[in-house]
1. Suppose we filter segment 50-59 for residues that are over 15 Å from N5 (Cβ atoms) and either in contact (Cβ under 8 Å) with a residue 24 or more places away in the chain or surrounded by 15 or more Cβ atoms within 10 Å (Cβ to Cβ) (or both); how many remain?
2. Please determine, by comparing only the residues of segment 26-60 that are touching a Lys or Arg at 6+ places or on another chain (Cβ under 9 Å) and among the small types (G, A, S), which one is farthest from V10 (Cα to Cα).
3. Among the numbered conditions (1) assigned to a loop (DSSP other than H, G, I, E, B); (2) in contact (Cβ under 8 Å) with a residue 12 or more places away in the chain, tell me where F93 comes up short.
4. Do you know which residues across segment 11-22 are touching a residue at least 40 places away in the same chain (Cβ under 8 Å) and more than 27 Å from L66 (Cβ to Cβ)?
5. Determine which member of the set E46, E62, E25 is loosely packed, with under 15 Cβ neighbours inside 10 Å, in contact (Cβ under 8 Å) with a residue 60 or more places away in the chain and of a type outside the set (K, R).
6. With the structure loaded, tell me whether Y70 is assigned to a helix (DSSP H, G or I), modelled with pLDDT of 95 or more and among the aromatic types (F, W, Y) or whether it fails that test.
Amino acid sequence: MIVYNITTKVSHTIHAAWLKWTQEEHIPALIATGCFTEGKILQLLEVDDSEGPTFAVQMMAESKALYNRYVEQYAAALKQESFAKWGDQFISFRSVMKVVN
């Protein structure tokens, strides 16, 4: 199992709308690619939230090949959609992990 993790600090001014969009639109769009089986949203604790809360969206892929397909075929368009909707009101970094137990 591969975990595609997107950690995002979201401006206070958009965080409620961003969270709703992520739950109702973005995660379903990621799952609709066929590359991921499920997604979760976690809020980071014990971090500096002065500029806004930080969330981790974790998407589960059954294989590295499915994750690679997402990167090759879908990632650019979905990232662009995020920037078009939210502009510079967020900052994200991504990591890919393998579940070991």
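1. Within segment 50-59, residues that are over 15 Å from N5 (Cβ atoms) and either in contact (Cβ under 8 Å) with a residue 24 or more places away in the chain or surrounded by 15 or more Cβ atoms within 10 Å (Cβ to Cβ) (or both) number 3.
2. Looking at the filtered set, the residue picked out is G34.
3. Only one criterion in (1) assigned to a loop (DSSP other than H, G, I, E, B); (2) in contact (Cβ under 8 Å) with a residue 12 or more places away in the chain is unmet by F93, namely (1).
4. Scanning segment 11-22 gives S11, H12, T13, I14.
5. Selected residue: E62, the only one of E46, E62, E25 that is loosely packed, with under 15 Cβ neighbours inside 10 Å, in contact (Cβ under 8 Å) with a residue 60 or more places away in the chain and of a type outside the set (K, R).
6. yes
The values are calculated or read from the model by the stated rules, or taken from the named source; none is laboratory data. If you're wondering where the values come from, they're calculated on a predicted model, not measured in any experiment. Positions of Cβ are generated from backbone atoms using ideal geometry, with glycine treated the same way; all protein chains shown enter the neighbour counts.
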